[in-house]
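Written below as structure tokens is the structure these notes are about.
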Amino acid sequence: MIMNRLLSQFLKQIPSFVTRYPLQWRPISLSSLPFLQPSPMEYHTTLQSETPHQIKASTPAYLLLGTCKTPSSLQKVHALLIVHGVANDLLFLTKLVSLYGSFGQLRVARKVFDKIPNPDLYSFKVMIRWYFLNDLHSETIMCYRCLRKCLRETDDIVFSIVLKACCELRDVGEGRKVHCHIVKAGSPDSFVLTSLVDVYAKCGEIDSARGVFEEIEDRNVVSWTSLITGYVQNDLPEEGLILFNKMRGSLVDGNPYTLGSLLTGCGKLGALHQGKWLHGYMFKAGINLNSFLATALLDMYVKCGSVKDARSVFDEFCTTDDLIPWTAMIVGHTQCGQPNEALKLFADKRQANVLPNSMTIANVLSACSQIRDLSMGMSVHCLATVHGLEDADVKHALIDMYAKCNLMKDSWYMFNTIYDKNVIAWNSIISGYAQNGYALEALKLFHQMTLESVSPDAVTLVSVISACASISAVKVGSSLHAVILREGLSSVNTYVGTALLNFYAKCGDVRCARKVFDEMGVKNEVTWSSMIRGYGMHGDGEESVALFNNMLKDNVELNEVHVTVLLSACSHTGNVGEGWKYFSSICREHNFEPSMKHYACMVDILARAGKLEEAVDIMEKMPIQPDISVLGAFVHGCSLHSQFELGEAAARRMLEMHPNEACYYVLLYKLYASDGRWDKANEIRSLMKERGLSKSPGWSSSDRDGG
């Protein structure tokens, strides 16, 4: 054994050591061992020009230290060296510091370091290095300060390590001090300046980072990447992309880290075109798509809304046992409204050996929430419990999942398991109560939230305002509006502004709703449709039409909701001409394919106006089979205009086509009841009982209007 052979050689040389260094050979008690007894730290401001009794690194004693593979073997050899008086030499002590540091025993390493009478630059460098490698960044900086106090010299390696520690701590103040030391020392290399760029960038001082970058003469890919990453991390991705073009102009090719940062920037910007160009650049440059790059590319496609491309990257380049891209793909499907795909991927047998993390579980639960899949949600809950994956994000997702599945008791239970409730937890439970029709409970919880000094955010306000709208709580809603105005949220947050105008419209104050609409800085598709619906709800068809035209002038992309609310407004006001005109022109000029909802609205407009023959004509020419919404609108019109026979014929025709659909029985029952033919109505009820059909909620125009 190497250790035994070296130990034997070392012991044989002891007599010659005693002769050469007699002062070192005196009895030492075990209590003086540095790893058993603490020693006061002493620093010397003067450095001797020559270290006495230095033993060369080639001696068996020094080589013996190199054979120590465990902390216990190192302690034994250390004790032996102390007993024989060899461990007081600078070289041996520095080596011991390094070895204890490599085993993670930094306290012992520091005690040994403090035994060095006059530590030199190399000794300090070893101590600083092991502090940093063991993630003791504050201690790294403190040791550097001691170095500055004890010695006048330093070097670029020390500067780089200390700057990295400042970076990890986000300590820009200490970074600036080190910057001054670097300037004073003069002639820093590019590696040190790049580390300085990294410090300033990660601490949010991007202009200072750019200033240091401009001082680097021999910029390499690491220098460019540090500043590019800094721009992206400081929400200036456009600047990062511009800098990448300058980098290529300087004939410097990007590495995987450069491209990873740029892809993140494209994701933040939603810049799909630039992201695809970078994807092509990687292939041209021959850069292998490893797990890191594949995940960055996948994430970029997801954030740019191109889930299909993201899935292609996942299927082609990601291994079946890699957690990070698997989770990223599940997140992508969930966030882009593809919950079934997310659940299918989660249950894929090819990933059976991959243990999910909290992010995976939270997003799978979110997918369950979207499709109200309680069974799957409860199974995932059990999985999370078994594997101890119940952090705050998972609990928030569980609150939402149970609330979406109308299990408010379970949702409330999960909420109460959270000890330190943040705004996300409160949002989840308040939203759950509001969406399940428990508006008063939602408002009480909001009050409790404010009592516990948790500041509401935009999500909270949207849920609470919606709760106020559902019960026409005008005073509470108006008070919230005052708070929102004070914070300036209604003009800058589209969702808050839209919730407010919905609130006023549902409470009958269209004037205030329009005022909120006009004051909003940014309006999305939901904002426009909400305001158009608001006018329609209160019989102001002209304003609905005028606002719809303004929306088209503002180049807002037309969707089916806009058309539905416009036609509903025309229906409520009996404006047959305008309704038919827009229905025809939208289909013709915008290449718009009407859905069942649009046909139902158009039939309702005609039937309400008594134009039943034209309504029949539309139903016969529909490219799709009319459903209960279309037929219901027609039968309702027949009832309004006492055309019961026509309505009965249509209803019975649908009943023959769908004998097991309860909704058509209910429709016919209501028609007979409105005509006073209770014998026929009772026959329909009896027929439903015979066929085992339960009465489902009847069709109403409010269903078609979207509430």
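Only the coordinates and a few stated rules stand behind these numbers; no lab work does. Note that the coordinates shown come from a computational prediction; the quantities given were computed from them, not determined experimentally. Cβ sites come from the backbone with ideal geometry, for glycine too, and all protein chains shown count toward neighbours.
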Quiz item: Can you pull the three principal axis extents for the Cα set of the chain, in Å, largest first?
Solution: 127, 56, 53
Practice problem: Taking the Cβ of G211 as the centre, find all other residues whose Cβ is under 15 Å away and add up their charges (Lys, Arg: +1; Asp, Glu: -1). | Solution: -4
Practice problem: Of the options V222, Y257, H279, report the single residue whose Cα projects farthest towards the positive end of the charge dipole of the range 206-289 (beta-carbon charges: Lys, Arg +1; Asp, Glu -1). | Solution: H279
Quiz item: Given a Förster distance of 22 angstrom, what is the FRET efficiency for E214 paired with F292, based on the Cβ-Cβ distance and rounded to 0.05?
Solution: 0.15
Practice problem: Excluding residues on the same chain fewer than 8 positions from K553, give the lysines whose Cα lies under 16 Å from its Cα. | Solution: K523
Quiz item: How far apart, in nm, are two points set 7 Å out from the Cα along the Cα-to-Cβ line at C180 and at K349?
Solution: 6.7
Quiz item: Given Cα pairs under 8 Å that are at least 6 residues apart, what percent is the relative contact order of the chain?
Solution: 4
Quiz item: Between N118 and S455, what is the FRET efficiency for a Förster distance of 60 Å, r being their Cβ-Cβ separation, to the nearest 0.05?
Solution: 0.60
Quiz item: Stretched out fully, how many nm does the piece from K444 to N245 gain, at 0.36 nm a residue minus the Cα gap?
Solution: 66.1 nm
Practice problem: Report Rg(Cα)/(2.2 N^0.38 Å) for the range 595-707, keeping two decimals. | Solution: 1.01
Quiz prompt | Nearby aspartates and glutamates by direct alpha-carbon distance to K404 (threshold 12 angstrom, same-chain neighbours under 8 apart not counted) | solution = D373
Quiz item: So what is log10(I(q)/I(0)) for the range 296-398 at q = 0.14, 0.23, 0.24 1/Å, when the Debye sum runs over its Cα atoms only?
Solution: -0.48, -1.26, -1.34
Quiz prompt | Förster radius 41 Å - calculated FRET efficiency between D135 and E557 (Cβ-Cβ, nearest 0.05) | solution = 0.25
Quiz item: Counting pairs of alpha carbon atoms under 8 Å apart in space and at least six apart in sequence, what relative contact order in percent does the range 595-707 give?
Solution: 24
Self-check item: MRE, 222 nm, helices only [DSSP H, n ≥ 4, -39500 (n - 2.57), over the chain, to nearest 500]
Solution: -22000 deg cm²/dmol
Quiz item: In whole Å, what are the Cα extents of the range 339-417 along the three principal axes, biggest one first?
Solution: 36, 25, 16
Quiz item: Expressed in nm to one decimal, what extension gain is obtained for the pair D315 and E519 from 0.36 nm per residue of sequence separation less their Cα-Cα distance?
Solution: 68.8 nm
Practice problem: May I ask which of K395/K421; K268/K515; K115/K149; K276/K303 have a Cα-Cα span longer than 22 Å here? | Solution: K268/K515
Quiz item: Which whole-Hz ³J(HN,Hα) couplings does the range 622-627 yield from phi under the Karplus relation 6.51 cos²θ - 1.76 cosθ + 1.60, θ = phi - 60°, glycine and proline marked x?
Solution: 4, x, 10, 5, x, 9
Practice problem: Can you pull a Stokes-Einstein diffusion coefficient for the range 411-502 at 4 °C (1.567 mPa s), Rh from Kirkwood over Cα pairs, as a whole number of µm²/s? | Solution: 98
Quiz item: Stretch N255-V483 to full length: gain in nm at 0.36 nm per residue minus the Cα-Cα span?
Solution: 77.1 nm
Exercise. Among the chymotrypsin sites (Phe, Trp or Tyr not before Pro) in the range 414-505, which ones are in a DSSP loop with at most 15 other Cβ atoms within 10 Å of the Cβ? Mind listing them?
Key: Y419
Exercise. Sequence neighbours fewer than 8 away in the same chain don't count; with that in mind, list the aspartates and glutamates whose C-alpha is under 19 Å from K680.
Key: E645, E648, E656, E661, E690
